[in-house]
Amino acid sequence: MKPLLKVENLHTEFRTDEGTVKAVDGISFQVRAGETVCIVGESGCGKSVTAMSMMGLVEEPAGKVTGGAIAFGDDDLLRLGKHELRTIRGHEMAMIFQEPMSSLNPVLKIGEQIMEPLMLHLKLKKKEAAARAVELIRQVGISRPEQIAGSYPHELSGGMLQRIMIAIAVSCSPKLLIADEPTTALDVTIQAQILDMLRTFKESSGMSLLLITHDLGVVAEMADYVIVMYSGKIVEEGEVTALFANPKHPYTQGLLKSKPVMGQRTEELYSIPGQVPDPLDLTPSCYFHDRCEHCMDVCVSREPLLQPLGNGQKAACWLYEEAAIHV
C-alpha cells in the first residue's frame, strides 16, 4: 500500500556567518495512512526543521531545503509553487506548533483565527465559520466557547492555547497532522489531556499523526513507529514495541536509560555523557562517537549507514557493520 507521506534523502541547511549548518542531513522515512510516527531526539537534532521543511516553512535565504523529495499523496511538496502548497497546508496537512503563544496572532481574537482556515479551505461563509469555530472550541474541551471565541490569546492559559492550536489544526480534517512538542511546558495532567485529545481526533477521523517529541513516555504511549534522530540524521528506527524492548543504537540505549523508572530508586539519574557535536564542525564519522562507550577507530573516520537488523528495526552503527571487523 502506498504511504501517505514519503520523505526521501531530505537535506535542509542554514547559512550563518560562521558557516553552513546541515540541520537535516539526508533522512528518509514514511508515514502510512492512520499511523502514528514519533520522531524523538535531543534539542537541536533536526526534528522541528524536518517538519518545517515538509510544511514549506523554512525561510530563505537563511535556510533552504537543498535536496531530496517529499511525496504527499501524488504531490512532491518540494516541487509545488507557493499557491499550490498553500492549498494543501492547513487543509490536507496541518501542524500544531511548539509555542502556541508565539504561533497565534496576538491582535486577532481566537474565533477569527479558527475561522480563517474554514473560510479559506472549506469555503464556509463567515456566519457558518463562526458557528463551527465555537463548536471546535467546545470539542477541544474548553468551557464557555462563545466567550473564548471573543478572547485574545494573552487572555488564555498555556493549556487552553494549546487546545486552540489543536482546534485550528484539525478544523479542516487533515489527512496528516504534525504535532511539534504539543505537551512542552504543560503540567502532567494537561499533558495527558492533550495526548488523549490527539488520540481521539486521530481515531475518529482516520488521520495520520507525525508526533515530534523528546519525551519517551509520550513515545511509548502514542507511537506505532519510532524514528530516533541525532545531529540531523536518523540513527535508529523501528516498531515501538521492538525498539523499546531491544534498542540497538547506543544513543537510543542512552535515551531509554536516562528515563526514570517507577519503583526503581537510584542515587543519581543517568545522563548521556558529553555534548551534542558542533554542527559547524562535523566530519565524516559517527556523530555520536565521542559520547559512546563502544567507540572504535572506524567510528571516528567513517559514517555508518542505516541498515536493517531484523524485527523491523534499522540502526546506523558500526557495531552491526561487518565492514567494521576488517577496518
Matching residues in segment 153-178 - criterion: being under 18 Å from the mean Cα position of the chain (by Cα), β-branched (Val, Ile, Thr) and under 16 Å from Arg132 (Cα atoms):
Ile166, Ile168, Val170
Which members of segment 160-183 meet the condition of being assigned to a loop (DSSP other than H, G, I, E, B) and over 23 Å from Gly56 (Cα atoms)?
Thr183
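Based on this model, can you work out whether Ala223 counts as within 30 Å of Phe72 (Cβ to Cβ) and of a type in the set (Gly, Ala, Ser)? Steps first, please.
On the way: within 30 Å of Phe72 (Cβ to Cβ): yes; of a type in the set (Gly, Ala, Ser): yes.
Considered against the rule, which asks whether it is within 30 Å of Phe72 (Cβ to Cβ) and of a type in the set (Gly, Ala, Ser), Ala223 comes out as yes.
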Kindly establish whether Thr213 is within 24 Å of Leu255 (Cβ to Cβ) and under 12 Å from the mean Cα position of the chain (by Cα).
yes
Test Leu269 against the criterion of being within 19 Å of Leu255 (Cβ to Cβ), hydrophobic (A, V, I, L, M, F, W, C) and either surrounded by 16 or more Cβ atoms within 10 Å (Cβ to Cβ) or at pLDDT 90 or above (or both), and give yes or no.
no
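Go through segment 68-89 and report how many residues are at positive phi and either in contact with a strand residue (DSSP E or B) (Cβ under 7 Å, 6 or more places away or on another chain) or not assigned by TED's automatic domain parsing to the domain that holds Gly206 (or both). Give the steps one after another, and end with the answer.
Initially, segment 68-89 is screened for residues at positive phi, giving 68, 73.
Applying the additional criterion that residues be either in contact with a strand residue (DSSP E or B) (Cβ under 7 Å, 6 or more places away or on another chain) or not assigned by TED's automatic domain parsing to the domain that holds Gly206 (or both) yields 68.
Of the residues in that region, 1 qualify.
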If I ask for residues that are over 17 Å from Leu176 (Cα atoms) and free of Cβ contacts under 8 Å to residues at least 12 places away in the same chain, which ones from segment 37-79 would you list?
Glu59, Glu60, Arg79
Within segment 146-159, how many residues are modelled with pLDDT of 90 or more and either part of a strand (DSSP E or B) or surrounded by fewer than 20 Cβ atoms within 10 Å (Cβ to Cβ) (or both)?
9
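The values are calculated or read from the model by the stated rules, or taken from the named source; none is laboratory data. Since we're looking at a predicted model, the values are computed, not measured. No Cβ is skipped: glycine too gets one built from the backbone with ideal geometry, and neighbour counts run over all protein chains shown.
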